[in-house]
Amino acid sequence: MKRRDLLKASAALAAAGFPAMPLWAASAASAVTKLKPLGAPQAFDYAWLKGQARAQAGHPYQAPVGDIPEEVKKLDWDQFQSIQYREDHALWANDKLRFRARFFHLGLYFKTPVQIYEVNGGQAQELAYDPAMFDYGKSGLHPDKLPKDLGFAGFRINYQNDWQRDITAFLGASYFRAVGGEYQYGLSARGLAIDTALPRPEEFPLFTTYWLERPAASSNRLVVYALLDSPSVTGAYRFEIQPGNTLTMEVDAALYPRKAIERLGIAPLTSMFQCGENDRRAANDWRPEIHDSDGLQIQRGNGEWIWRPLVNPAQLRFNVFQDENPRGFGLLQRDRNFDHYQDDGIFYDRRPSLWVEPKSGWGKGSIQLVEIPTEDETFDNIVAFWNPDSKPQPGQELLFAYRLHWGAKMPAESPLAHVVATRTGQGGIVGIPRTHFSWRFAIDFAGGKLAQMDRSKVKAVIAVSRGAVEITSTRPLDEVKGCRTMFDLKPDAGNAPIDLRVYLTADGRQASETWIYQWTPPADRKF
């Protein structure tokens, strides 16, 4: 599958979680049907799963086998949407537990069947596909004509406080999504990224098999296991999911390379940025801003906080942020003001942020950011991940443990002032004829101790990799109880991207997080 197709499939999953049009909405049922098992129960635990992944890595990769009927492959969006999962077939529907699981039908972009098991008392039992699980609506599919072993595309989980809207979904390659207290899907995560943004096709590992562990009656945590496979690597994953206003996932991953991997992406995040207040290149819509995330935040190993606003570049852009033992990184949706989006259908102002918190030292490496041009909000064009300096080699076992936080509020925040807006536009002074081309940057800072200090004494430290900085100012901005820093950048003759860096100081100390940006001078520099 090509990146564009897979990312469009990922975007389709976002629509699955919109409260306005839920996919596979639950239907009323008077009696609960017990799911049919396949085969005999087998002993299961995470150690066994790691052993399976290690053993599988010792054999050549085999692509998923089997085929699905043409009428399933050819389902369009409306037909696919009309297929609804029957609530009476939900896993644990009549067991008085706090969680239930429902399964996704194959079709549209999701054409690779996955196996799904229930784990109970250390025994794993595979769950059988049954056409009776689904109401096929206007899909045109006839359940009596579908194969009895068709299989599933993935699954979603509901929690006791809302049996209609799901809290997390695993669907497509190794993609998964979750929601916070606003029950709004947005960006997604993946199990692993391989060779992203290299001059050859990216490799998309698959979660081929899932194990859903039956929770205790009083438990508010659900454990999911997954087996990952691809031409380059196998892996065993354990997810411990706890719902809440900020949903958390404890992730343990054991990776077993089949061959050397040039660019390994740990804890990859995938999002969408079409246009925002800082980047109007693709602002061809009536809505002022269109994005699932507006920036990459990093807490470096030395404690420094960095904010990098996202852009929709004219050409693919790849940035590397070197670090050792990072404390966290994430793609955030900081701007949560409805008026800035004016979208009353899919509510970009409610999209969750996602923060990655390593649970142990990850050593030396880099957080890497990929920004891909897009004119379409259905195309996820932003990727961020951790890339270890040491290149994976065959025969190794690579262990990574981290915590994912999904929601409006992240668990870790800088005590310093943070960036609340970035705006750009033509430079110069209004009313005075311009003698050269320049570009204006206006950065608003708020929070920290700015509201309590004498903001007239706050200064900005500005650095650029090329060109000349001019017309600088930092002044109080009462509307945000913070400060606004403005400056013009006069580029040199080159057309390569220019790196910018800004932070505030007060009384000789850093008073804000560090704003970083990359700007490409236009070829046409009219003034």
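The values are calculated or read from the model by the stated rules, or taken from the named source; none is laboratory data. Note that the structure is a prediction, hence the values are computed from the model and not measured. Cβ: placed from backbone, ideal geometry, glycine included. Neighbour counts: every protein chain shown. Each accessible area value is taken on the protein alone, full model and side chains, heavy atoms only, with ligands, DNA and RNA left out. Shrake-Rupley method; radii C 1.70, N 1.55, O 1.52, S 1.80 Å.
Kindly evaluate Arg336 against the criterion of being within 22 Å of Pro415 (Cα to Cα), in contact (Cβ under 8 Å) with a residue 60 or more places away in the chain and open to solvent by 40 Å² or more (accessible area, probe 1.4 Å).
Numbers: within 22 Å of Pro415 (Cα to Cα): yes; in contact (Cβ under 8 Å) with a residue 60 or more places away in the chain: yes; open to solvent by 40 Å² or more (accessible area, probe 1.4 Å): yes.
For Arg336, the condition - within 22 Å of Pro415 (Cα to Cα), in contact (Cβ under 8 Å) with a residue 60 or more places away in the chain and open to solvent by 40 Å² or more (accessible area, probe 1.4 Å) - is met.
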In the stretch 92-126, what residues are part of a strand (DSSP E or B), open to solvent by less than 10 Å² (accessible area, probe 1.4 Å) and hydrophobic (A, V, I, L, M, F, W, C)?
-> Phe99, Ala101, Phe103, Phe104, Ile116, Val119, Ala124
Listed residues Asn312, Asn319; which is modelled with pLDDT of 95 or more, in contact with a Lys or Arg (Cβ under 8 Å, 6 or more places away or on another chain), of a type in the set (S, T, N, Q) and part of a strand (DSSP E or B)?
-> Asn319
Mind listing just one residue for me: the one in the stretch 109-136 that is over 15 Å from Trp48 (Cβ atoms) and among the hydrophobic types (A, V, I, L, M, F, W, C) and, of those, farthest from the chain's Cα centre (by Cα)?
-> Ala132
Every pair of residues 6+ apart whose Cβ atoms lie under 8 Å, when the first sits in the stretch 356-376 and is aromatic (Phe, Trp, Tyr) while the second is surrounded by 15 or more Cβ atoms within 10 Å (Cβ to Cβ) | Trp362/Ile266; Trp362/Pro326; Trp362/Trp386; Trp362/Pro388; Trp362/Phe400
For residues that are open to solvent by less than 20 Å² (accessible area, probe 1.4 Å) and of a type in the set (Asp, Glu), tally how many sit in the stretch 290-322.
-> 1
With Leu38, Leu106 as the choices, which residue is in contact with a Pro (Cβ under 9 Å, 6 or more places away or on another chain) and either closer than 26 Å to Asn220 by Cα or at pLDDT 55 or above (or both)?
-> Leu106
Restricting attention to the stretch 443-459, report how many residues are more than 27 Å from Gln518 (Cα to Cα), among the charged types (D, E, K, R) and out of contact with any Cys (no Cβ under 8 Å at 6 or more places or on another chain).
-> 3
Residues of the stretch 144-161 being surrounded by 13 or more Cβ atoms within 10 Å (Cβ to Cβ) and modelled with pLDDT under 95, which ones?
-> Leu146, Pro147, Leu150, Gly151
Starting from the stretch 401-413, keep only residues that are closer than 27 Å to Ala254 by Cβ, then list their pairs with residues that are among the aliphatic types (A, V, I, L, M) and modelled with pLDDT of 95 or more whose Cβ atoms are within a distance under 6 Å, requiring at least 6 positions of separation or different chains.
-> Tyr402/Val251; Tyr402/Ala267; Tyr402/Val356; Leu404/Met249; Trp406/Ala178; Trp406/Leu247; Trp406/Leu354
Tally of residues being within 31 Å of the chain's Cα centre (by Cα), touching a residue at least 40 places away in the same chain (Cβ under 8 Å) and open to solvent by 70 Å² or more (accessible area, probe 1.4 Å) across the stretch 36-59 = 3
Could you check how many residues of the stretch 162-179 are open to solvent by less than 10 Å² (accessible area, probe 1.4 Å) and farther than 25 Å from Asp88 by Cα?
-> 2
Search the stretch 501-512 for residues being open to solvent by less than 60 Å² (accessible area, probe 1.4 Å) and over 15 Å from Ala463 (Cβ atoms), and hand back the single one that is nearest to the chain's Cα centre (by Cα).
-> Ala511
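Assess whether Ala189 counts as being at pLDDT 95 or above and open to solvent by 30 Å² or more (accessible area, probe 1.4 Å). Quick ask: steps written out before the conclusion?
Numbers: at pLDDT 95 or above: yes; open to solvent by 30 Å² or more (accessible area, probe 1.4 Å): no.
For Ala189, the condition - at pLDDT 95 or above and open to solvent by 30 Å² or more (accessible area, probe 1.4 Å) - is not met.
Can you find even one residue in the stretch 128-135 that is part of a strand (DSSP E or B), in contact (Cβ under 8 Å) with a residue 24 or more places away in the chain and open to solvent by 40 Å² or more (accessible area, probe 1.4 Å)? Show your work before the answer.
Applying the first criterion (part of a strand (DSSP E or B)) to the stretch 128-135 yields 134-135.
Checking the rest, the ones that are also in contact (Cβ under 8 Å) with a residue 24 or more places away in the chain come to 134-135.
With open to solvent by 40 Å² or more (accessible area, probe 1.4 Å) added as a condition, the list becomes 135.
Checked against the condition, which is being part of a strand (DSSP E or B), in contact (Cβ under 8 Å) with a residue 24 or more places away in the chain and open to solvent by 40 Å² or more (accessible area, probe 1.4 Å), the stretch 128-135 yields at least one hit.
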Going through the stretch 471-500 in order, the residues found to be free of Cβ contacts under 8 Å to residues at least 40 places away in the same chain, within 20 Å of Gly427 (Cα to Cα) and surrounded by fewer than 16 Cβ atoms within 10 Å (Cβ to Cβ) are Thr472, Ser473, Arg475, Asp492, Ala493, Gly494, Asn495, Ala496, Asp499
